[in-house]
Each structure stands twice: as structure tokens, then as C-alpha cells.
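Trainee: Structure below; questions to follow.
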């Protein structure tokens, strides 16, 4: 503990420290010499492309992938074309940019994934230099060609190539360049001798860094900070200019007294940095130049590579992997000599009592959550920093990258158990944590070609079980992509969301199964979709057979046909020998016909079908309908009445109104209209015409089957009390009161009610009495009511 | 506007707010000025979620009704189609878009499917060659719409027809989805009860969906203790009967649509200014919103109509007494207090005037002979009098060519109360109907037969009397003024559906197993696992909350009966009601009718 500050070096009013992360596990015979190296930030993997030892044309370079601790993850001879640049994507995929502009993509384990080209123009002119960069849009690639033209691909997952405008006077590659993202725009900053240009989509603008030392003839290296906010320029006069990338402010300028170009130059900053610096690397020298113009020098004893991080610089050598960074102020407070900060005191106390959380109890009003979550974070960090995992994250980086991404990274490395353990430990919701890891595991599992379908499906289901939010269909889709259809179907069986199963089943040509699944889901739109698909895929007979076995689908399809394809509907009924529905179908169709003959012939078809269905009633009714239509036509032709299409009832009414009593009688007999209704009909028709004589004749023709109250009522309705009175006497005793009341004869009603000794009827009459009613009558009614009530 | 939704046992405003938020988010997705082209059917339901002002705030400048041909001109950047996923509508949209494309107008098109996207429809748009013209194709999940503080409706008119006639269970899928949304907002419902085929299907889908969403559900303390799913076809009788509550009668006589009623204007004319009365009689029907936001209406809506008059006159006395208070106000402070209450009192007075007018309108009808005769026959059927013979009153009504729907309601009621009509009676009625109203109604009769409303007797046994007796569906001495039983809503008849809910709450369905077996479809109980720590600890005397979902529609009288049960002092259960659609016998029968559009010969 006492030596913690031993490797601290002051820079301005801050300290810098260089700490060892790993003793590298690889054994590189010639170190990093003659190697093309790409190391991903956030403690990511390292790729090496080593030139062959024997300089023979048949010898191929070797591509090797290691973890940050130097544990080998892949190694294979490079068989493609000459590589200009290696780089890593945000998803831990390796990009190899070839001289001909082809970009090959490999995963962490060296499995080829895909490739794309940076444009046809490049094939001819070749790539001179290339850079891989990261922006909010994803991972991008920038190249400069032999024709001194720049091409950008902003996001390799959504490839859109952008060729940037020409740079005036540029021959070959620029002396140095960098990609920067500003205001949601990606630009290239480049130096051609002493001239500096900003190149964007549309223009090439010369720029001048404020206060750049005038002694310089050429800018020979540049570095953009991790956040794209700061820029460092190194000139052939040995001056290091530091400022903002918008070239408006100058931070500082340091004279390094070294005039040769540094091999690498990177910013070393941290959030809330006291003393940002630029780290320059030459063959044997590492120079840290602070904004304060002070420097720290380290001697290097081996070939190294610098990797810029959010809060420092990692230095990777053949034997060691180190981290160089500004000492965070919290650490400074704790470990600075003679510090009296609370942290330092706590540390002293800890040394005395060996209790890590000692002293916490002396804090009042301090919420425990930060302490607990920090302890959790530290445990997670320790576990991923372990040599075997080799992800040397700092706490700052971890917070920036988020647990989600860390889990992804572990998954890419196939470190499933660790990933699951971390999810559980951090209590990440299942569907974001454990389930996601398991899904990746399963996707990887289905690609194991040597294992049989059965055992993979079992293994997957056992491990994933009922884990929440698992998308089995995604796993199945992966299996299908690998050509394992049977396995995919087995896996789909585990998918709880039937809706998700369907599209893949259709893709795999398992449409019948897809149909069952769609029905299971209850989502009728999905059923429709599959049915439409089946309809196009199968011949009609098979299609109908399939539907027949799936009643839910069949009735949906019927609905569809009813609105969209009438003829198909008929075929469907025919196939099922559903004569009743066929009959209905013809009836419905008949109404669409405006020609009588056509309508009749369709109705005849309906009759035939109803007969086949043994639906006697419907057959007879339809025959009646045809009979009526024919009758109406005849009468329309003879008499010029517009009867066609009216109901039987309305036809009769029209006939009676027009005095065609004979024809009405005929219809009445032919259609066996019940007497009661016919009497009502005739009665209404005659009253409406106010043909009172005919009405009276009708009343006397024979005994009315509906009684005579209706006669009274229709007359009253036509405001003819005189006629109405004629029928009152004929009304049955039960309806007498009503009849008298209808014509407004209160006394008559009273008499009838009293005579019948009905309490209810007497009350009805009483209710109709008004203050002007005869007192004597009222008294009689009241008396009669009380006697009736007593009974 | 929506405050009344928050006052109930369950704050349904949460649901409304969630729906509004989704709507705003979608509108903001289409940046710039917009015009909405409406599927006309949706405007009513949307009115319950958002007024025009909300749309306006999000730059909706014009609104059109969806129809074929060219779109009306509008100087806007976005045209948004709000439509149900129906193929017919897709063809119209395609026509609109194609004709607009010909004009080369630089407008962005969007589609918002309500309540759900449909691959079938998108496929159709693709076939029509316009799918690519749409910038956004989205769905607006509007399944259950908050209708009142204790009432949710899907406003899906065709649900009963689709489910029971056409075997199209789309609306049940939406029901299940809607219930999932509800559970996301109000917590998992621990117990599900149900009766009927559709109820079973919905419960199955819910359980399946719960498995599908496993792990992603939010941790909310359950608001509902149980869910009761009821198929409409286990109780075909209730909607056929004439509702006798105040709200029920308004619906029977004038029809309530999306919470609004249109009334004949004459009665309301005098209210404006007495001086001008009679001068210009309004010709536009008076449109009124009916919900519990109106204090008086909330008080009287569920009363038997015979009790409404008394309630109104009592209210009138209170209000005029309140106005009289002004004479007692002596000090400045008292006058100030009186004035501060004025707006509330005036609102109460105008509300009283409105409802007095409505009650008068309805009274004219309920005191008519025709209404009385009709009711008498209904009650005879319900009590099982002469249900196996041709009914003379129905015969007379047919002979006088009364409205067909009235006839179909009565005949169906007779059939239901007799467990199907004798073949002879059945044929006689059918023949009478066809001869009188036209043979084309054969299709409608067919539909009624398929749904079990009007059918021939297949077994000799009529279960209805047993059911009536066991469930006490007929109460001889129903008290209309101060009810002590749900039968007051039909002046004697206790709705079967509500009896099932009542028995379920106490003493439980086990006591009526026999009757349950006589009703169609399975009955069941399911339990949904709650995450640990979400089990409700009921306070002593705290009521249970049950959501009753009527699949295929519910009447206002049934709702009134459930509200009555909620308010019973020793009831122990409070009910929230959900349904596919608010129905009455007329609208219900209408939805089952098939009228082929006849060409003139």
C-alpha cells in the first residue's frame, strides 16, 4: 500500500500514473515488430496481422486475435488480399480493409461474416490509407485512395458510401489526417504540408489553427480526442499544438525538442480532467505533454502500441499491458502524502481494523445505495478484469458503456456463465439480462453441426426453460439460416407466442403448421394472412381440403369471400354439400338481378337447393315468392299497377285500395292468408280510402274473426265517430268499455263497466273522467268500484 | 370533461390518459400541419378519448370523412387516414391516394389503424400499388374505451353478429388484448370466472398472452379482484325485454350512441328565452351527453322510470329552496357565499329542466296503450304464460304491419322463454312475417335461428321454467320506488346475466351447477399467479372489485342492476362493467338482420 504513489509523476498540479494491467499471456517471438495491430477501446480485443518470417511469395501472413490479457482467441493464415488497415466495430467485429477497397468482417473468433466494398473507383486506384472510426451512428470506415480522394462509410451496418470533394493540390496521401464527428456531421481533417483543410460532404475548406507556431513548415501528425472535442497537431519544428477541434480556441503549445514524426500520438484526458495531455510515442520514448507545458518522459524497452481510452491511454507491448492516466482526484485525495481527506483517514482506519466498510457507521444522513452499488460495480469489474476474461475496464469506462453493453461483450466472447452470473448479481430484469444471454447461447448452440437436432432442441429447452421473454422464433430463425429446418421446427414448438412462429413457418414452407399456429394465437388477421398465402401456394382442391380441417380458418375465409369473392363462396358451399347455405346464396344473388326472368331463375335454383337440404319451409316460401312475382308482373301488365317487388301484404293492400277486390280475394285464397290478417288488411285499406259503405258491407259479410273493436278503432283513427258508433254495439262485452271510450262515450263506457263489475275497467273509466263529468255518474262508478273490490 | 372518470371505484381516467398519450405521440410523429380523413365509424368512439381541441393542438387543421374519389383540397403537409382494418376501406384509401398522386401534390400520407394493424390490409394496399406512398403505417390500440366512471365499452357494433353468427372471433381477440392492456395499467386480475364458449376463448387467449408477455409485466398492486366473462348467448332473453329504467328507456325510445342522445327539439324550445319562445322552433334535434358528470343524471339514471317523477320533484324542491336562500342572506358575507354557489345551482336547475322534459317525453310513451299491451305480453312470456301457442297480440301487430323489429323482438322472446317454438308455431310466425314484410327477410330469420334467438323446439323439455325458478328471475312484488332486488330494472324480471354475477359473489356458482349446465357453453374458473408481494391484504369490511365483461353487448338496465348490487350495503362486491357494445333489443336485432339490397325490377 505504501508504494501506491511510487509510480505517480507530477504534471502541472495533477499526477499521472502508469500501472500494469496484465503480464501478456501471448508469446510473440519478435514482439510487435512488423505487425499490423488493432486494439479496440474499452478493453476490447487485439488483432495482429503478422508478416511471414520467410520472405517468400507463397508465405501468407498470420491473423491472430487476442484478448487484452493476451489470451489467444483465433489464429489463421490470411488468404485474402493485402490489408491496409485493421479495426474493430462497436460490436466487437474485426474489420480488415484491403488495398482494393474490400472490407472483410470477422467475428471475435475469426469466423468470416461478410464483406463489402468501398466503391468501384477504389479497385483501380487502391487504398492508400484507411481509418475505422466510431460515431453515434455506429462504426464507420474512411479511406483515401491513390487518386487522393476520400470516401466515407458512416455506418457499415447501413452502408451508404460518400465520396468527399477533391482536395486542391493534394498528391498521394496527406501528411496526416483524422476523422471527426461534429454537430451530427462527419468530416475529415487533413494536413497537406503546412496547410490544414476540413473536408465535408460538399466542400473542402482551408483552416488555420489559432496561434500555431510560425516556425513549422509541415504538420506531420494529428490526434483527435476520444470525445472529438480536442485536437492536437505535431509540426516538423517539434511543436505540439493543442486546441479545440472547431479550431477556435488554443489550449497550449509545447515545444518537445523532438523533430522526427512520432509513431503514434493520442490524447490522454479524463472526464473532469485537471491536466489533459497528449501522449506521443517514438521508437524508444513515450512523452506525456500536458497543457501546462510540462512533460513526463518514459523510456520504452519494447515496441508498443497506444490505445486511446475515455479516461487515459493503454500501452500494449509484447510483454506488458499498461494503463497511463491522470490520477483521479479521489485517488489523489486518498493516497497523496499527508492527505487529511476523509477518504485518507478512512483508509488509515481500515489499516488498523481491517474492515472495508468501517467508518460508514459514522456517517449520518448518507444513503446506503451508492455504497452498495459501488461495491457491486467493483465486484463486476474485478470479475471481467480477470486474466482469463481480459477486459480491463475502468469504473469510468464501465459506467459509460453500461451493463447492457458489457453483457453483450461477454456474450460475443461466449462467456455465457459469467454473463448470466453478472445479470443475476445485478438483478437485471430477466428479459433484458439472463434471457438475452440464453438466447445468444442458444443461437450459438444451434450452429454446432456435429450435434443431432434432437439433442440440441432438448439442450436448448432444458436450459432456457420458462425463462421470461425468450424469443424461440429468433433462435429457430438462426437454425433455419444454418440450413437446419427440422431443428427450427422443433425449436418453434417452444415459442409461446404463436404469432411469432407463423412468419418463419411460412418461410420454411410449413404453411399447414403455420395455419394451426395462427389459429392458436387467436389473431384473426394472422389467420387471414396464412390463408391468403395458402391460397396462392396450393391448388384449389388442396386449399379447400385444408380449410375444411380448420373450421376457424374456414369461417374467416367465408367472411372474406362474402365481401370479396362471391363465386368462391359458392364453390365452398358446394364442396361441403351445404345446400341450405347454397339456397341462401341464390336468394341473396337474386336480389342483385334487375331482370325478372333472371331473378326467377336464381330463385328456382334456391328452391332446388332448399329441397336438397330438405328444408321444406324455405323451399315453399321461395316458391311462394316466385308465384307472387309472376302474379305481380301479370297484374302490372294488365292494370298498370306498380306492384312488382312489394310484399304479399303490401300487394294486397294496394289491390284493395285500388278496388281490385276480386284479385285480392284470389291472392288471399292462393296464398292461404289467415282470415284474421286479411280482415285487418281489408279493414285498414277501406278505412284509409274512407269507403264507409264498403266497410259496412264488409262488416256484415260474415262474423268478423277479429271482432268489431278494430272497426271502431279504424273509424276513430280517421276521425269518423259517426261510423265508429255503428260498430260499438257489435263489440264483445269484454271490449265494450274500450269501444265506448274510443268514441268518447263516457256514459256508455261507465254503464258497460258497471255491468261487468270489473274493478279494473271501472278504474280505467274513472281515470278518463274530468272535473266536468256528471257528479252522479262519478258517484255510481265509485260505488260500483268499491263493491267490485269487496268481492 | 373527463373528471367523472376518476371518481369511481377504479380510476378509469388512467386508461383514457394512456390512450390520449398514444394519440399525441402518433400525431407528433407526422411533423407539420395535418388533415385527418376519418373512417366515419370511428369518430364516435374517438370522441370519448379526445376532443377536436387536442387534435388542433397537434396541428390538425382539417377533418374529412373517408369516401371514394378525390380527396378534398387542403393546404396541409400530412394526410392521415384513421381507419379500421377493413378491406373495403383500403380500396377507398387507394383511390384517394392514386388520384392525389396524379395531382403531384407534395403531401405525406399516413395510416393509423384502429385498433390494430392488419397484414391483410397492408397486402391489399400493396396490390393496389399504394403501400409505398405511406410514410407511417401505425396502429392505435383502442380496445376498451372509458365510457363512464364504472363502464368500459369497445364500441364494436358487430361483435355479437361476428361471434355467434359468422364464427369470426376477431372481436374476441381484441377483447383479450384490451384486457391485457387493462391489466398492464391496473395489475394482474387474480381470478377469472366465465360462462360460455366465447368467454372460454377469451380466457384462453388471456392466459396465453400472459405467458407470452412473461417477464415484461409491470409490478402493480391488482386493482381488480376478479374478472367475470359472460357470453351474451347464455342470456338471450334480457336484451329482448323492454328496459324500464330511466336510462334504459331513453335508449329504447331515442337510442344512445357513444354517450349521446338526440331528442325531439320541441320540448326544449321554451327554455332558451321565454320572450322568444314559439318564435322560431328549433328544427335540429337536441343533442345531449349523458354520463355521471351530470349530478342529477347520475342520481336518476338507474331508477325504475316509475320512481323518476318523485325523484325529480324532490330535486325541484331542493333547488327552489336553495334559490329561496337568497332572501335569508343578509350580510355581505352571506350574499357572497350565495353568489359563489350560483353557477352550480343554475347548472342544477337547467339539468333538472332538461330531465323533466325528457321524462315527460318518455311518459307520453309509457302511458300509451300500445306500450302497456306490449309490456303485458313480454311479462306473460317471462312468467311462462302460453309460450307454446301463437300469441294473438303478435298476430294483431303483424296484421297491422307494426315495425318488423318489434315483431322479431317479441317472437324471439317467446321462443327463448319456451326453449324454442313448436314447429307449427314457428312456421306460422315465419310465414306471417315473410308474407307481410317480404320474402327477403328469410335471410334474417335464418340468422335469428342460427344465433338461437328464434328457433324450433328440438327437445321436448323446456328448461326455462327451471332456470326461472332456481335463479328467481321473476319477482312478483318488485318494488319500483325503493328497490330491494335487481328485478326492479324490468319491473319484475331479474336479468339472468346479473343473477349469475350475484350468485357468483355469494354463495358461489357451486350452488347452481344444474342451471349452469342448462345454459350453453362451459363455465370455468382460472387463477392467475401474482408476483410475490402483490397479494392484496383486504381490510376488514373492504369490498371486492369485480370486472364483469359482457361479450356481445350489455343493456343499460343490466348495468343499472349491477350498480344496484354495488351499492347494496352488505353486498361486499363493487362492479366495473365492460362490454363489446352497449345494446338494446332493437339495436341488437338490427345488427343481426340481413337486407339484400334489392335492385328495382
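The values are calculated or read from the model by the stated rules, or taken from the named source; none is laboratory data. Computed from a predicted model, the values in this text were never measured in an experiment. When we count neighbours, we look across all protein chains shown, and the Cβ atoms used for this are built from the backbone with ideal geometry, even at glycine.
Trainee: Hand me the list of strands (runs of 3 or more DSSP E) wholly inside the stretch A:279-333 holding 2 or more residues that are more than 24 Å from residue A:68 (Cβ to Cβ).
Mentor: Output list reads A:285-290, A:295-299.
Trainee: Name the residue that is nearest to the other protein chains (Cβ to nearest Cβ), counting only residues in the stretch B:194-221 that are modelled with pLDDT of 90 or more and in contact with a helix residue (DSSP H, G or I) (Cβ under 6 Å, 6 or more places away or on another chain).
Mentor: B:205
Trainee: Still on this structure: Out of the residues in the stretch B:584-601 meeting the condition of being in contact with a helix residue (DSSP H, G or I) (Cβ under 6 Å, 6 or more places away or on another chain) and assigned to a loop (DSSP other than H, G, I, E, B), tell me which one is farthest from the other protein chains (Cβ to nearest Cβ).
Mentor: B:584
Rundown of residues vs (1) more than 7 Å from every other protein chain (Cβ to nearest Cβ); (2) under 30 Å from residue B:206 (Cα atoms), yes/no style:
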position	(1), (2)
A:528	no, yes
A:553	yes, yes
A:565	yes, no
A:582	yes, no
A:595	yes, no
A:600	yes, no
A:618	no, no
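Trainee: Quick check on my filter: what residues within the stretch A:140-192 are modelled with pLDDT under 90 and at positive phi?
Mentor: Those that are modelled with pLDDT under 90 and at positive phi: A:169, A:172, A:183, A:184.
Trainee: I'm trying to understand the selection: among the residues of the stretch B:123-151, which are under 19 Å from residue B:173 (Cα atoms) and within 13 Å of chain A (Cβ to nearest Cβ)?
Mentor: B:139
Trainee: Name the single residue, out of those in the stretch B:504-521 being in contact with a strand residue (DSSP E or B) (Cβ under 9 Å, 6 or more places away or on another chain) and part of a loop (DSSP other than H, G, I, E, B), that is surrounded by the fewest Cβ atoms within 10 Å (Cβ to Cβ).
Mentor: Ranking the qualifying residues of the stretch B:504-521, first place goes to B:506.
Trainee: Would you mention how many residues in the stretch A:164-176 are touching a strand residue (DSSP E or B) at 6+ places or on another chain (Cβ under 6 Å) and in a loop (DSSP other than H, G, I, E, B)?
Mentor: Here the count works out to 7.
Trainee: To continue, here is another question. Please go through (1) within 20 Å of residue A:565 (Cα to Cα); (2) within 14 Å of chain A (Cβ to nearest Cβ); (3) under 33 Å from the mean Cα position of the chain (by Cα) for residue B:116 and return the number of the only condition it doesn't satisfy.
Mentor: So residue B:116 meets the others, but not (1).
Trainee: Here is a further query. Which residues, taken from the stretch B:452-470, are crowded, with 18+ Cβ neighbours inside 10 Å, away from chain A (no Cβ under 14 Å) and not in a helix (DSSP H, G or I)?
Mentor: B:453
Trainee: Does the stretch B:172-181 contain at least one residue that is surrounded by fewer than 22 Cβ atoms within 10 Å (Cβ to Cβ), assigned to a loop (DSSP other than H, G, I, E, B) and either more than 15 Å from the chain's Cα centre (by Cα) or within 14 Å of chain A (Cβ to nearest Cβ) (or both)?
Mentor: Scanning the stretch B:172-181 turns up no residue that is surrounded by fewer than 22 Cβ atoms within 10 Å (Cβ to Cβ), assigned to a loop (DSSP other than H, G, I, E, B) and either more than 15 Å from the chain's Cα centre (by Cα) or within 14 Å of chain A (Cβ to nearest Cβ) (or both).
Trainee: Return the residues of the stretch A:567-580 that are in contact (Cβ under 8 Å) with a residue 12 or more places away in the chain and more than 13 Å from chain B (Cβ to nearest Cβ); say none if nothing qualifies.
Mentor: A:570, A:571, A:572, A:573, A:575, A:576, A:579 - these are the residues of the stretch A:567-580 that are in contact (Cβ under 8 Å) with a residue 12 or more places away in the chain and more than 13 Å from chain B (Cβ to nearest Cβ).
Trainee: Filter the stretch A:452-479 for residues that are in a loop (DSSP other than H, G, I, E, B) and touching a helix residue (DSSP H, G or I) at 6+ places or on another chain (Cβ under 8 Å); which is farthest from the other protein chains (Cβ to nearest Cβ)?
Mentor: Checked the stretch A:452-479; the qualifying residue farthest from the other protein chains (Cβ to nearest Cβ) is A:471.
Trainee: For the subset of the stretch B:401-429 comprising residues that are within 30 Å of the chain's Cα centre (by Cα) and more than 13 Å from residue B:378 (Cα to Cα), which member is nearest to the other protein chains (Cβ to nearest Cβ)?
Mentor: B:401
Trainee: Has the stretch A:101-108 got at least one residue that is under 30 Å from residue A:206 (Cβ atoms), outside the structural domain of residue A:414 (by the TED database) and part of a strand (DSSP E or B)?
Mentor: The answer is no, given that none of the residues of the stretch A:101-108 is under 30 Å from residue A:206 (Cβ atoms), outside the structural domain of residue A:414 (by the TED database) and part of a strand (DSSP E or B).
Trainee: Inspect the stretch A:524-537 for any residue being assigned by the TED database to the domain that holds residue A:479 and over 19 Å from residue B:124 (Cβ atoms) and give the result as yes or no.
Mentor: Within the stretch A:524-537, none of the residues are assigned by the TED database to the domain that holds residue A:479 and over 19 Å from residue B:124 (Cβ atoms).
Trainee: Being surrounded by 14 or more Cβ atoms within 10 Å (Cβ to Cβ) and modelled with pLDDT under 90 is true for just one of A:592, A:562, A:570. Which residue is that?
Mentor: A:562
Trainee: I'd like the residue in the stretch A:714-726 that is within 19 Å of residue B:396 (Cα to Cα) and buried (at least 20 other Cβ atoms within 10 Å of the Cβ) and, out of all such residues, is nearest to the other protein chains (Cβ to nearest Cβ).
Mentor: The selected residue is A:714.
Trainee: Considering only the stretch B:110-119, I want to know if a residue exists there that is surrounded by 15 or more Cβ atoms within 10 Å (Cβ to Cβ), touching a helix residue (DSSP H, G or I) at 6+ places or on another chain (Cβ under 7 Å) and free of Cβ contacts under 8 Å to residues at least 12 places away in the same chain.
Mentor: yes
Trainee: A follow-up question, please. I'd like the residue in the stretch A:457-500 that is more than 18 Å from residue A:513 (Cβ to Cβ) and buried (at least 22 other Cβ atoms within 10 Å of the Cβ) and, out of all such residues, is nearest to the chain's Cα centre (by Cα).
Mentor: A:470
Trainee: Please indicate, with yes or no, whether at least one residue in the stretch A:632-640 is surrounded by 15 or more Cβ atoms within 10 Å (Cβ to Cβ), more than 10 Å from chain B (Cβ to nearest Cβ), outside any loop (DSSP other than H, G, I, E, B) and at pLDDT 95 or above.
Mentor: Scanning the stretch A:632-640, I find no residue that is surrounded by 15 or more Cβ atoms within 10 Å (Cβ to Cβ), more than 10 Å from chain B (Cβ to nearest Cβ), outside any loop (DSSP other than H, G, I, E, B) and at pLDDT 95 or above, so the answer is no.
Trainee: Something else: When the stretch B:375-394 is examined, which residues are found to be assigned to a helix (DSSP H, G or I) and surrounded by fewer than 19 Cβ atoms within 10 Å (Cβ to Cβ)?
Mentor: Of everything in the stretch B:375-394, those that are assigned to a helix (DSSP H, G or I) and surrounded by fewer than 19 Cβ atoms within 10 Å (Cβ to Cβ) turn out to be B:375, B:376, B:379, B:380, B:392, B:393.
Trainee: Can you tell me which residue is modelled with the lowest pLDDT among those in the stretch B:3-22 that are buried (at least 18 other Cβ atoms within 10 Å of the Cβ) and touching a helix residue (DSSP H, G or I) at 6+ places or on another chain (Cβ under 7 Å)?
Mentor: My answer is B:5.
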